[in-house]
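The values are calculated or read from the model by the stated rules, or taken from the named source; none is laboratory data. If you're wondering where the values come from, they're calculated on a predicted model, not measured in any experiment. As a convention, Cβ positions derive from the backbone with ideal geometry for all residues, glycine included, and neighbour counts pool all protein chains shown.
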Amino acid sequence: MKFNCIAVDDDPANLALLCDYLATLDNYELIESFTDPIKAMNFIIAADNVDIVFMDVEMPGLSGIDLAKIIRHKTRNLIFTTAHSKYALDAFEIEADAFLLKPFSLGHFATALHKLQSRRIIPIQEKKKSDDQYFFIKSKNDKSKLVKIRFDEIIAIESIQNYISIYTTQKTVVAHITLTKIKEILKDNNSFIQIHRSFIISRNYLEEIENNLVRMKNDLLLTIGENYRDELIGFVKTKTIKTGRN
């Protein structure tokens, strides 16, 4: 099965070279290429089955970093191609899968794809949701540090003004991000449920419910919001064993 690819670079010569490289390799099919990042954005947002996006960083109108933030959820794999190593941390934060420094040879290009393929590239038609088990987030206390958060270790998430606290089985991480953004990250994982405008919890670490409070695995007590009670109680009912005194 071939990997569906899209290439974005405002330099026509660099774009043509990348397209030529792809054409020489088996299992990779270029479905579209763009010199205009805005047109690329519109195409990718509307597209299905995008396996890999190759993207330059410095482009007029919309940088590759900003474009990646918009379309990252639409492609399984993202590879930056740039002449500037200073963008490596930004690429890592967006969870880019590879970072190729220009100029790169066909051999270098092919080797990078081979390493990536053996490590994690899977055509989107065969990709399972369970492959994405974590994300990285920048810590409020140390903005130079990216902290790995595993979905299966998240106990609860609390929103406090412009920050959130992520309570996990291993640590608590405070980050400058909205609860709305975190909900977007968690939307494909059915382990989580919102119980209050400020709280999201993992169903797996819910220990007790009493009146308008839930107690989590780490003894964290959280309030159930009136607008979220029905969904929570509905979930609990599906997991409740009926007894003779129910």
Go through 188, 219 for me and flag whichever is assigned to a loop (DSSP other than H, G, I, E, B), modelled with pLDDT of 90 or more and not aliphatic (A, V, I, L, M). 219
For segment 162-202, how many residues are under 19 Å from the mean Cα position of the chain (by Cα) and among the basic types (Lys, Arg)? 3
Scope segment 26-41; condition in contact with a helix residue (DSSP H, G or I) (Cβ under 9 Å, 6 or more places away or on another chain) and in a loop (DSSP other than H, G, I, E, B); matching residues: 27, 35
Restricting attention to segment 121-144, report how many residues are modelled with pLDDT of 80 or more and either polar (S, T, N, Q) or assigned to a loop (DSSP other than H, G, I, E, B) (or both). 4
Could you tell me which numbered condition residue 168 fails, if it satisfies all but one of (1) closer than 27 Å to residue 141 by Cα; (2) of a type outside the set (D, E, K, R); (3) touching a Lys or Arg at 6+ places or on another chain (Cβ under 9 Å); (4) loosely packed, with under 15 Cβ neighbours inside 10 Å? (4)
Total residues in segment 196-216, condition of a type outside the set (A, V, I, L, M, F, W, C) and closer than 15 Å to residue 227 by Cβ: 4
Just to check your reading of the model, which residue among 108, 114 is over 14 Å from the mean Cα position of the chain (by Cα), assigned by TED's automatic domain parsing to the domain that holds residue 37 and modelled with pLDDT of 85 or more? 108
Give just the number: which of (1) part of a strand (DSSP E or B); (2) surrounded by 15 or more Cβ atoms within 10 Å (Cβ to Cβ); (3) of a type outside the set (Lys, Arg); (4) modelled with pLDDT under 95 does residue 232 not satisfy? (1)
Would you check if residue 58 is in contact (Cβ under 8 Å) with a residue 24 or more places away in the chain, under 16 Å from the mean Cα position of the chain (by Cα) and not in a strand (DSSP E or B)? no
